[in-house]
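Notes follow the structure.
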Amino acid sequence: MFALRELVHAYDGREVLRVPEWRAAQGAHWLVLGPSGSGKTTLLHILAGILRPTSGSVGIAGQDLAALKPAALDRFRGEHIGIVLQRLHLMPSLTVMNNLLLAQYLSGLPRDGARVREVLTTLDISGKADAYPHELSFGQAQRVAVARAVVNRPKLLLADEPTSNLDDARCEQAYELLDSQARACGATLVIATHDQRIRARMSNRFELRGRP
Amino acid sequence: MNLATVSLAYLRARALNTTLNVLLLALGIATITLLLLTTSQLEERMQRDARGIDLVVGAKGSPMQIILSSIYQLDVPTGNISWKQAQELARHRAVKTVIPLALADNYKGFRIVGTNHDYVKHYNARLAQGRLWQAPLEAVLGAEVAMRTKFGPGATFIGAHGMGVGEGEHMHEAHAYQVVGVLAPTGTVVDRIVLTDVTSVWAVHADQYDIRDVARIAELLPDDEKELTALLVQYASPIAAATLPRYINQNSEMQAASPAYETARLFTIIGVGVDVLRGFALVLILAAGLSVFIALYNALLERRYDLAVMRTLGASPAKLMVLMLFEGALLAGFGAALGIVIGHALTEALGVAFRAAKQVAITGWTWMSAELWLFALALGVGVVAALLPAWRAYRTDIAGTLARG
């Protein structure tokens, strides 16, 4: 589904990430493991097309990201890639419903209220459609963040440290949520984490080593 | 869901700040709207009142005062002129028509103007009720006077000496006026005066002659005692403008005043004040622009994660830039709309106060094309204030921002 080759990323001339090769099949679930500072977030940003690597190639769903102009890359990201950020980052001034509609609008896809309600129902938060983010519990907010990431039926679902700072029960919930939602839309799932608790749950592991 | 929804949601989330900015801008716009409406209406009214009058001749004194007192019925007259000299002037070959004016009294602040039927004709005033005066002490009311006094034909009233309420207090109780007609509204000075014959004014003020037969006042009063306040003159030819005023000023005890020149002079005097106010309003608008800028810039700092997240959701940098510009324009648009509404309301309030003081009529319920420019100016200020925040939004480093957040 995606293929990274000879990937190198450097900040100010200092190499922070090197991936000789990594391929993932459509629908596969992968765990990116590594200690803090090993470049997990950088790798995720490169996969998301948020960051262009210093060298090497990134192909997603048959598309070479380097070949896309900035605006086309933004559009590609909006349509095909869903991202769940560690700190969720819902739009505080918009309702849950509008947060999801915003994801559709910004991706350039038609706004589809029925799809939004469908996703909210699947995630059991349809009752909160008109609530503002600050009115939600953490668990509800996390569901909304996942809902926002999958509302456009992405081919690739990325999650950055989705379980850090969560107790065991919530950690389990968060993992189940991502796993089931990725399955529901057939997306390839990549979870970047240093959390050892979900290590056992996934067989595909991509390990990044910390740098001295 | 579109950029407008997002902008509005953000403005709502910062309601206090938004209100402050909108009000600040509205104040500046309201001030300019008020100035635009009042000056243009004043100018138009004054031009309409003076139309067709080439020269005003009164007693020696300030030419401006002559114009204000005889055409606009605002100031007190400079004094009286003799009827005989007025007769001579009317026969001058440079003069086409002369309309006599005799001012002395008022009824509840409305001036009683002694004149002839030519005055009514000059302002194209039509009768709404009754007829024009035919004898001394018959009066015809201007539309506003009739409305305010609720007088119609048949009503009688007593004039008070002087040009306004509270002045003199001497009532001419021996000579009651009878209303014989009411004029339709003209939108000119005629609306707010009481019209009567010149001889009525003579009759009211000829107490020492003890004239019982008021109808024959013109015959009974010695010519030397007949006086007028001013003459509204129309030239026989444009050349008269070069000679007649000087002829009058040098060869008579009268003073000639040009309405065109004096009103222009009046507007340059008022203009200084208007310019100061306009400058003040522009400063207000600039301050509002600065405030919008600060608000958007601060909002941008609070919102940099939101902007980065919008980028991850597929928004292009250009879209974020448009979002910020739109927000600036939205603030400015609200401010301008509110300002224009307030400006109209203030003008109307001023008009009501003016009407109560029996001064020039002004209304807030009229629109000017210049207001569109005002709206455009406000939008421009909003967009310019949003430029730098918009540029910063455009340049948002998503990966860097998210990595820190």
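No value in this document is a laboratory result; all are computed from the given coordinates. Since we're looking at a predicted model, the values are computed, not measured. When we count neighbours, we look across all protein chains shown, and the Cβ atoms used for this are built from the backbone with ideal geometry, even at glycine.
Brief remarks on what is shown
- Average beta-carbon neighbours from other chains, 10 Å sphere, peptide A:163-169: 0
- The fewest-to-most ranking of A:L90, B:L27 by surrounding Cβ atoms within 10 Å reads B:L27, A:L90.
- Where both bridge residues fall in the protein assembly as shown, DSSP classifies roughly 65% of the beta bridges as antiparallel.
- Per-bin percent of Cα-Cα distances, the protein assembly as shown [20 Å]: 17, 30, 16, 15, 16, 6, 0
- Centre-to-centre, using Cα atoms only, the stretch B:333-400 and the stretch A:105-122 are separated by 38 Å.
- Inter-chain shielding of A:94-103 (mean C-beta neighbours from other protein chains, 10 Å cut-off): 4
- Partners of B:K150 within straight-line reach, counting lysines whose Cα lies under 18 Å from its Cα and excluding those fewer than 8 residues away in the same chain: B:K108, B:K358.
- Rounded to 0.05, the FRET efficiency of the B:N124 and B:I294 pair, given R0 = 51 Å and the Cβ-Cβ distance, is 0.35.
- A simple rule links phi to the HN-Hα coupling: the Karplus curve 6.51 cos²θ - 1.76 cosθ + 1.60 with θ = phi - 60°, which for the stretch B:249-254 gives 5, 8, 10, 8, 8, 9 Hz, with x for Gly and Pro.
- Angle of helix A:70-80 to the longest C-alpha principal axis of chain A, folded into 0 to 90 degrees and rounded to 10: 60°.
- Calculated mean residue ellipticity at 222 nm for chain A: -10500 deg cm²/dmol, from DSSP H runs with n ≥ 4 weighted as -39500 (n - 2.57), summed, divided by the residue count and rounded to 500.
- Note on A:K155: aspartates and glutamates with a C-alpha under 19 Å away, same-chain residues under 8 apart excluded, are A:D64, A:D74, A:E79, A:D112, A:E118, A:E176, A:D179.
- Trypsin sites (Lys or Arg not before Pro) restricted to DSSP loop in the stretch B:324-405 with at most 11 other C-beta within 10 Å: B:R395
- Peptide packing: for B:223-230, B:266-273, A:136-143, the average count of neighbouring Cβ atoms within 10 Å per residue gives the ranking B:223-230, A:136-143, B:266-273, highest mean first.
- Mean partner shielding of peptide B:388-401, defined as the number of other chain Cβ atoms within 10 Å of each residue Cβ, is 2.
- Computed over chain B with a Gaussian network model linking Cα atoms closer than 10 Å, the most mobile of B:V381, B:V276, B:V22 is B:V276.
- Taking Cβ atoms as reference points and 14 Å as the exclusive limit, the residues near B:P245 contribute a net charge of 0, counting Lys and Arg as +1 and Asp and Glu as -1.
- DSSP-assigned coil residues among trypsin sites (Lys or Arg not before Pro) in the stretch B:71-146, each with at most 11 further Cβ atoms within 10 Å: B:R93, B:R126, B:R131
- Taking the helices alone, chain B has a mean residue ellipticity at 222 nm of -18500 deg cm²/dmol, built from -39,500 (n - 2.57) per DSSP H run of at least 4 residues and averaged over all its residues.
- Relative contact order for chain B: 26 percent, from Cα pairs under 8 Å spaced at least 6 residues apart, divided by residue count.
- Ordering B:M310, B:M1 from the fewest to the most neighbouring beta carbons within 10 Å gives B:M1, B:M310.
- Share, in percent, of DSSP beta bridges within the stretch A:2-207 that are antiparallel, nearest 5: 45
- The stretch B:55-257: relative contact order in percent, alpha carbon pairs under 8 Å with at least 6 residues between: 35
- For the pair B:R91 and B:M147, a Förster radius of 30 Å applied to the C-beta separation gives a FRET efficiency near 0.15, rounded to the nearest 0.05.
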